[in-house]
Every structure is written in C-alpha cells, then in structure tokens.
Amino acid sequence: MRSHYRQAMEALVLSPEARERIGTKLRRPRRGMRFRPAAVAAAAVLVLALGATAAASGVALHELPAVVLQSLQPVRLSDTDQGITMTVQSATVENGVFTAYITLTDDEGRSRLEQGADFYDSYRISAPFGANLLTCGCEPLGYDAFSESYGYLITIKAKDGEGGAVDFSNKKFTFSARQLLVGQAKGQIVALRPHWSSVPLFPADTTRYILGGSGEGFKTYNGWTSGGEALVLQPGGWELRVTEGVSISAAGFVGEQFHLQVRYDGTGPDDHGQVKLLTPEGGEVPCPVSLSFRDEDGTKYDEHIYDISSEELSGCTLAGEFTIGGYLLDGDWKVTFALEN
C-alpha cells in the first residue's frame, strides 16, 4: 500500500512540511505486525482503490466522481498562509461550468483540518466578461489521514444580468480564499427517547426574525407575521440536553403540528446540525418546515415542525448529527493558473 501512496504523492502537490511528515511515515519500520485474513483482504481492496484513483487522475487522493476525474486537467499550484497550504490540484471548464479539485494541508501539524474546514463563502474565481452573478458550490471530499489533506470539489457557474449562462472563455484563472472555518467538533445522537409525556400541549410562543429555513412548507408556513418574523416557541419551555453544545430548548404542539426547538449552546461561527424524528418502526416523520433564528444574545436556534399527533409521538425517538464550535482563520490564499483548450 505504501508504494501506491508513494506514486500518488509524486503527483499530488503538498507543502514540503507535509511531504516530509508523510515520507517519515513511509520510512518508519513496521515490525512484529500480524494480519488477520479479513484485514489482509481489506488492505488489498484499499490498494486497488488507491491505485485506480491515482491512475485515473494522477493527483486525487480523495474520492471524486469518475466523470469529473476524466475531465480534470492537472494544475498543481499552491499558496500558503497561516501555516495552511491551499493547492489547486486540477481544474476544468466544460459547458460553461468551472470545476476545481482543491486540497488544504496544515503545515504546522496542528491537526486543524481533521474535523474538516470550510471556506465560509470566502472563495472567489476571476469572473468572465459579462458575468453579473456567480453561482458557487463547494462539496467537501473529506480528510485523508495519510496525506493529511482535506479535499474539496468546487463548481462555479457564471450568469449575466438576465440569468443567462456566461462561458468561462478566459484561459487564465485566479482562485482565492480569504477565510477558513477550522477546529469544529462533531457530535451525534442515536435513538434518544425523551419523556414525551412531559411535552406541554399548549406551549408559550413568541415571534422572532427568521434568518433562514427549509422544507416544502417554509414559504407557506401559517406562523409568518410581518417584517420577516414568524411565530416560534418561547425558548426554555422544555429543556433536554442531547449532546455536547446542543440542547432541546422547547417542544410542544401548536395547532395540529409538533414543534421541536434545538438550541446551540456554543458560540461557533456556523453551528448547525440535522435532527430526525423517527417512528418506532424506524421511519422518518416528515418535517415540512424548519426555521432558524437567533436570540438577542446571539444564541442560535433551529425550530423543526412535524406533522404528527401527540398519540403518535409517544413511541418516537430522536437521531441527529451536529457540527459545532471552531473559529475563523483569516488569510490570503491565491492561485493563478491557465488551462489548455
């Protein structure tokens, strides 16, 4: 397996510090190791997967869609700031869509990227002539422990003032980022069964300015008042800690719908999560509306609204995943490169 990584390392652009750490791992003697048959088989599959990935793109150590791998052109140019190296490993422009495979490595070896990092909407690409709007997408590819790099697939579409597509006709591009969100922690709950019988049937409510939301019923939610405000539960009406930094701060029935309010107790720049209300059979209860707001002190809340009766609620459990904490790291990462026709 180490030989496959050596081949991939030769193609993957990393900072000298990260490359030296990886080289040390490869040179480290392994003595007295005994493998079970299952472990040997798993290692063989991993070697094949690594070999196939490296051969397909020449640079990828993160899982990329095959159609993307086939179209990417090697770039392999980097910029370093705040001890973190950003590398544009490869990129392409097809049908007016710019796509780039980006990696980040922590040259200081402080494991700031292990839980992931977010560009926090600070990344930019030099826009083509006539573009008034850039639609950007950033798909995390995960952390590769061996190369100590976190990968991303960036897609950017350009549109003119009327919403029409604008082609990236320039051959020269500059990709830049001004800020990273690092050091976040992840937590989860699995099959948590609260004492639903204590949920108030007539909870206290209030109005809050809604920062955002989701669900097919978001726009038609009957709790909208005016000026971007909507009816939500009064925080503190029903308390339940679910995981580190996350609590349920209110719950109850408003009309025929069940409201569940999640509070993020920390002060992370982008605390967020996903909550699922599961039936006794393991099915997910539909959640047509989710609302996000903050209190006067900045505390973040997500209120989820479900179509379920109090009788049906009694056997349900909660599951969820949460990302909290972290801090913003300001910097100036900029890579200019050209693509062939």
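The values are calculated or read from the model by the stated rules, or taken from the named source; none is laboratory data. Remember, it's a predicted structure, so these values are computed and weren't measured experimentally. Using ideal geometry, Cβ is built from the backbone for each residue, glycine included, and neighbour counts are taken over all protein chains shown. Heavy atoms of the whole protein, side chains included, go into the accessibility calculation; ligands, DNA and RNA do not. Shrake-Rupley method; radii C 1.70, N 1.55, O 1.52, S 1.80 Å.
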Checklist outcome for this item: Non-local residues with an amide H under 5 Å from the amide H of L77, with H modelled 1.01 Å from N and Pro and chain starts lacking one, are V88
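What full-extension length gain, to one decimal in nm, is calculated for E229 and E94 as 0.36 nm per residue of separation minus the Cα-Cα distance? Intermediate results must be reported in sequence, preceding the final value.
Details: separation 135, 0.36 × 135 = 48.60 nm, distance 4.21 nm.
Full-extension gain reported as 44.4 nm.
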Checklist entry - Within the P(r) computed for the stretch 246-303, what percentage of the Cα pairs occupies the region above 14 Å? => result 60
Checklist outcome for this item: With all protein chains present, the stretch 207-341 has a carbon and sulfur share of its accessible area (1.4 Å probe) in percent of 46
Next on the checklist: Just the number please: accessible area per residue for the stretch 112-179, 1.4 Å probe, all protein chains included, in Å².
Outcome noted: 51
Checklist entry - Check V246: other-chain or 5+ apart residues with amide H under 5 Å from its amide H, H built from backbone geometry? => result D265
Checklist entry - By how many nm would the segment from A191 to D81 grow when fully extended, if each residue of separation counts as 0.36 nm and the alpha-carbon distance is taken off? => result 35.3 nm
Checklist outcome for this item: Along the stretch 190-204, Karplus-curve 3J(HN,Hα) (6.51, -1.76, 1.60; θ = phi - 60°) to the nearest Hz, with x for Gly and Pro, reads 9, 6, 7, 10, x, 7, 4, 5, 8, 5, x, 6, 10, x, 6
Item to check | Contour minus Cα-Cα distance for R110 and D332 (0.36 nm per residue) | outcome: 78.0 nm
Next on the checklist: Using the basic label-point model (7 angstrom from Cα toward the beta carbon), what is the A165 to T207 distance in nanometres?
Outcome noted: 4.4
Checklist entry - With the calculation restricted to Cα positions, what are the radius of gyration and Dmax of the stretch 194-314 in angstrom? => result 13.6, 41
